[in-house]
1. Using the C-alpha gyration tensor of the stretch 197-245, what are the square roots of 5 times its eigenvalues, in whole angstrom, with the largest one first?
2. When the Cα centres of the stretch 508-540 and the stretch 476-507 are compared, how far apart do they sit, in Å?
3. Report relative contact order for the stretch 367-506 in percent, whole number only (criteria: Cα-Cα under 8 Å, sequence separation at least 6).
4. Accessible area, 1.4 Å probe, largest first: how do Val524, Val750, Val376 sort?
5. For Glu488, what accessible surface area do you get with a 1.4 Å probe? Give it in Å², rounded to 10.
6. Please list 3J(HN,Hα) in residue order for the stretch 442-450, calculated via the Karplus relation 6.51 cos²θ - 1.76 cosθ + 1.60 where θ = phi - 60°; whole Hz, with x for glycine and proline.
7. Would you work out which of Thr770, Gln225, Pro301 lies farthest towards the positive end of the dipole of the chain, given +1 charges on the beta-carbon of Lys and Arg and -1 on that of Asp and Glu, about the Cα centre?
8. Quick check for me: using +1 on Lys/Arg Cβ and -1 on Asp/Glu Cβ, what's the dipole size of the chain about its Cα centre, in debye to the nearest 20?
Amino acid sequence: MRYLLLPLFLLILTPCFGDYSFAQNTQDEEITEDDRTEVVRKVRFTGNRNVGNRTLSTLVRTRTNREFLGIPRFTPWYYIHNVFGVGESPALLNRETVSNDMDRIRLYYENLGFFEVEVDTTIIEYRSERFEVSFLIREGPMSKIRSVSYTGLPEFDDERLKRDFFSDSYFSGNSIDDSTFSVNEQYKAQELRNEQSRILSFLRDNGYASVQRDSVRALVKQSDQDPQTLDILYSIRPGGFYSFGDVYIKLSGPEGPNGFDESKTIDFPQNSEPGFSIYMEKQDDAQTRFELLANQIMFTPGERYSQSDYLRSINAFQNLGMILINRFGLSEDSSLPDYSRPDIPVYFDLQTLPKHSLRAEFFGMRRYGFGTGAGVNYTNNNLFGRAENFSVSVSGNIEFVTSRARPIGGSTIFRTFEARTEYSLPRLNFPFGRLEDRSWVESSRTFYTLSYSQSSQEFFDVNSDIRLNLRYEIAHSQRLRSFLDLIELVVIDTDPSSDFRENLILQFTDFDDDGEPTETPEEVLNKFEVQRILEDFRPQFSSIIRYTFRSQNTNLIKRNFGYFSEFSVAAGGNIPYLMDRFLVGSGEVDGTISLPLGIFPSELGYSRFFKFSADYRRYLPISPNAVFAFRMFGGYALPYGGSESLPLNRRFFAGGSNDIRGWSPFRLGPGAIPETEVTVPGGEVKLAAFTEFRQIFMRNVLNAQWHIAWHTDAGNVWYGPRNKFLDEDDQDILEEGRFSFDTFYEQIAVSTGLGLRLDWEFLVARFDFTFRAHDLERGWFNDPNMYFSFGIGHSF
């Protein structure tokens, strides 16, 4: 059978590379010109020394069928269409499109300063109904900008504004005089347009509200000695100076505008200049305070007009999360502002969302096995009339895990229950309320969260997990965000699972020559090594203060361009340490405390530590239909102050559908310790790298884009240098799992495989089939098993 399959596979695959045709009729028939199918199989560019083929191929609309993995003329989807009638229809030649492509190339070159560029084309039928389209480019000389100068800039009372205007210029550098700069760079029309937009934004933010695009013009002058040397003069006509006028806010309830029940006028000095006011009207069922509406106005009526402050006010209303903006503008009827007056009024028509909502959900899941769950969530999005959001949710799930998926054997059912309540406000609360007006705070939010959960897992059962969190979130810009977890308290009570205990006893039991145990299970459990492992599962009280900085410019659902990065630094265990030392301790700081009033019946252990992590992800489009993505992750935790290890819930773990695929969650590592060997789980060091190539091979099937993906993941976790675990003979039994620069690279687990992505507009379903390329127990390419994982969203 193997000998038959290989020729059949080659027979199917070979036409994907070649140019082929199929006999549609067994009888001789005359093929008319209208019956011809002109298929584009090759697109070439010649003469393009300064612009790459890839750039030009994304510019033109004349294209071949999609090439798999970027292999020239390897178009399997087109071949499948020819054979089965599904897949990708042939890319047909359209001469009008070719003509338009010539204009696109010409315009692109002119925007780069090649004003004498010439573009021609040849269309060759090199085989019956198979065409090659070649774009012939003669670039000509490249033009350069010698200098950039400005005229018409208005005078300002504050001299710093004019200085900042020139220093922020795209062309600032060597100044010839107070308004002219020496540039000596390639002409690029986009940079000139960017500078025009910057000038317009500067004027609009400093009172000149009436400027339009034609108010700022870039005049180009050629040098008499060299026509390719250009001098640019920005001619500025700023128009009149304006201030903000009165502000009018109308707020209707969820049913829409139908008369207003209350009105209020604010003209206090802190809210407006003399002679200007904020006029507000609302319906009773809006259930919102006037104070909240006034606080979202980021400018003072009567002060200098600023487009940025106007837009910040719009964003402030949107960020409340309980208001729809039906209309906003600088005139009552949404027409152009009245520039005949020195002040410009501002209008907002708003509508509140329904205050109460109740949502139920049912879901499937895959972690160790396959499972299902359900949850219910109640939300009040305007609790006290100031956009406070209050939510309560309850959820649970069950997961069936087969014996094949468990290294310690035996099928089982894992159960999880969680109850969570959250209260949030669209502003910074104490002690950071004064930061609201800082220029680097675009929007902010404060979260108070309390949760309780129980769960059963592979190695341990969580009897109770109680978490209290106070978090501040600040959006600095569209790309940059900061997160500060000022207080995060966790009380967690865990027990090792019964299977874990049985395997632990088996691993540390001594046997005689006949294979009979020489110790009872009770004696094994009292061994020092076993007690050290079980100590990880004693009740823990941990605290953490953590700062996270995030930068991103990608679509978090599609992840097909840009980047995502996140850096975090944290200090843990200080609150229980201070309680142990000054409040509830006996005077001896020993790493355990008892909470007052019998809040928790047992003694709680704690550890003090620092923790750092860095996560960088990059998404590189390599064609209109393909993306190459990679991710790098590094994490390090360091116990200090007498602590030797981290709490179980603060460690790094490896494995899972969103981590190193091919291993179940928490199953990989630490280091080279075998997967089936029971030891201290998790680690203080983590290194991981991930790559994924994704290409669309079908469009709009079930209203989704279908991607095929090839992924490779690598990494592991390790114990840190302070995590000591000596047996009775003073031998470190964690040595195989400890990070060492001499051996860590040999302990990198690697997995690779193929996957399928179904990409809808707001959801990505992911199916991955993974092989272990480097299994730390079996070596390289010695594990023939395939591991399946499912997830919602891209893995990174």
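1. After diagonalising the Cα gyration tensor, the semi-axes are 31, 8, 6 Å.
2. The two parts, judged by their Cα centres, are 26 Å apart.
3. Across the stretch 367-506, relative contact order equals 17 percent.
4. The residues order as Val376, Val750, Val524, largest area first.
5. About 20 Å², rounded to the nearest 10.
6. 7, 7, 8, 7, 10, 10, 10, 10, 10
7. Selected residue: Gln225.
8. Numbers: 83 positive and 111 negative charges, 425 e Å.
Approximately 2040 debye in magnitude.
The values are calculated or read from the model by the stated rules, or taken from the named source; none is laboratory data. Quick caveat, the model's predicted, so the values are computed rather than measured. Note: ideal-geometry Cβ built from the backbone for every residue, glycine included; neighbour counts use all protein chains shown. Just so you know, the surface numbers come from the protein's heavy atoms only, side chains and all, with ligands and any DNA or RNA stripped out. Shrake-Rupley method; radii C 1.70, N 1.55, O 1.52, S 1.80 Å.
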